[in-house]
Structure formats: C-alpha cells, structure tokens
1. If I take all pairs of Cα atoms in the range 27-114, what percentage of them are more than 15 Å from each other?
2. Where the accessible area of the chain is counted over protein heavy atoms with a 1.4 Å probe, how much of it, in %, is carbon and sulfur?
3. How about the range 147-194: which trypsin sites (Lys or Arg not before Pro) there lie in a loop by DSSP and see at most 11 other Cβ atoms within 10 Å?
4. Using the Cα centre of the range 1-148 as the reference point, and only Cβ charges (+1 on K/R, -1 on D/E), how large is the resulting charge dipole? Debye, rounded to the nearest 20.
5. With a cap of 16 neighbouring Cβ atoms within 10 Å, and only residues DSSP puts in a loop, list the GluC sites (Glu not before Pro) found in the range 1-76.
6. With an 8 Å cut-off on Cα pairs and a minimum separation of 6 or more residues, tell me the relative contact order of the range 1-158 in percent.
7. With Cβ to Cβ distances under 10 Å as the rule, what net charge do the other residues near Asn101 carry (K, R +1; D, E -1)?
8. If you take every residue apart from Pro141 with its C-beta less than 10 Å away from the C-beta of Pro141, what net charge results, scoring Lys and Arg +1 and Asp and Glu -1?
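The values are calculated or read from the model by the stated rules, or taken from the named source; none is laboratory data. Remember, predicted model here, so these are calculated numbers, not experimental data. So basically every Cβ, Gly included, is an ideal-geometry build from the backbone, and we count neighbours across all protein chains shown. The accessibility values were calculated without ligands, DNA or RNA, using every heavy atom of the protein model including side chains. Shrake-Rupley method; radii C 1.70, N 1.55, O 1.52, S 1.80 Å.
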Amino acid sequence: MEQLFKDGYVILPSLISQLTCDKLKQHLETKDRDDLPFNYYQGHNILYLPNDAENFPKEIVFNKEIHDIIKQVFGSSYYMYSYNCNANTSKQDQPYHMDCNHFHPLEAIKKFGSPGPPIQLIVNTYLQDTNEENGSLEVIPGSHLFTDLELGEDGEIDEKYLRNKKMVRLNLPKGSVIIRDKRLWHRGTKNETNKVRYMIGTSYSQNWYKLGKIEFKEDCTELLMEAPFDTWNLYSNPVIW
C-alpha cells in the first residue's frame, strides 16, 4: 500500500501461472488483426478479452492477491469497467501520458496540497517475459502526485515537464502483475522483435464513479457470481446482474 501510494504502482512478480498465460495468449493469437483500435500509434493495439466461460481468465480477473490490494484502496464497493489487452507490435514509443486525469481541477489540487488517493486503478499482466527488447512498460515513479503539468489534446504530457524525471522500465518475467494508479505518467515502448507483446489490462473504480459496461456471454452468468467485485455493469442479453 505504501509503495502504491508513494510510487503510483506496485509489482507482483510471476503471480499468474504459465498455464493461464499460455492459454490466454493462444486465444488472443486467433483474433482478427484487421482495423484494430490503437493507443496513439498503430501497433499499440487493443484486443478484447474472451467473454465466454471456457476462455475467461479467472486466475487473472478473480485473483485474491490482486483484490486484497484493491480492497485496501477502494474498500469492498468497487467494480471492473475495462477488460482488454494491449497487443504491441509497434516500432515507435508512445508519448508519456496519463490513463485518466486528476479528478479535481489542478488549481483545487494545488490549494489542497495533494491530488488525493486513487479514483481508478489498472491491473496489467504480462503474458510473456517482457523487457526493453519487446516493449516493457516505462513509468515515472511518483508522477501520479505531480500537479505541475500540461496535457496535450490526446492526454499526452508536454515534453518540458519530462525533463530531469526518473524513468523506470518495468522489465518483468511472464505472469507478472503491475497494479498502478491510472494517473501515473507512463508510456508503451517500441517492440523490436517480430513477436506480439501481450499485456492484459483490467481497470477498477469505486461504484459511485460510473464509467462503463462490459458484455459477456450468458454462459458466464454463474461464473461471474464468484467475482470479488460488484458486477452491476456486467451484462449479457437478456441477463443483467
């Protein structure tokens, strides 16, 4: 908790089994690669994760160690609002950016003296050994607390605010998990190999902050009843939880 609040992220190395990583990666490799949405540059692509019971990555989404940490931040009343995968084949680094802005205006934050605790958390899971060669995540520790910044049209951090900042590459083995404040300054880096680098992303927020719904197939109904988080926004036609 201290590290998450101070640095904006915490690492759980090799938490997820190789079996789960391999099964999910194999499933993702069958997906259509045409016209994928992407973040900033093509190659930093977004894939949707399986929404059927057979391929649902329960070990990642329901993981007790992950949710023990999230519950310490949000309490028991929170939900998952994003469920996807970053599939990186790009030969270009993303700009440094925040996945979400501060909840309050910067002037209010400066007067208060702190941006406050996280409103949104994201859990990233590497499905393979990930390093500087195949596009590990790069972060600036503590940047979620910065109040001196300007954002571009697409949420990118102005270059002048990056000077003299400590940048850290999160090079980690397969199955490693990164839990981070979504305000943390970070970027996806270029993949210099000929293989896709997969990084799962599941995002969470407290129930009062309504952000989105996720559709699952009906065969997930019973499975999702085991979720360690609220499921009011998870749905399938005609079932709504």
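1. Working: 2820 of 3828 pairs.
When all Cα pairs of the range 27-114 are counted, 74 percent exceed 15 Å.
2. Values: 5640 of 11960 Å².
Taking all protein chains in place, the chain shows 47 percent carbon and sulfur surface.
3. Arg163, Lys166
4. Numbers: 11 positive and 20 negative charges, 91 e Å.
Here the size comes out at about 440 debye.
5. On the way: sites: Glu2, Glu29, Glu54, Glu59, Glu65; in loops: Glu29, Glu54.
For GluC sites (Glu not before Pro) across the range 1-76 that sit outside H, G, I, E and B with at most 16 neighbouring Cβ atoms in 10 Å, the list reads Glu29, Glu54.
6. Values: 120 pairs, mean separation 46.5, N = 158.
Worked out over the range 1-158, it gives 29 percent.
7. On the way: positive: Lys182, Arg183; negative: Asp99.
Cβ neighbours under 10 Å give a net charge of +1.
8. Working: positive: Lys6, Lys165, Lys166; negative: Asp7.
In short, +2.
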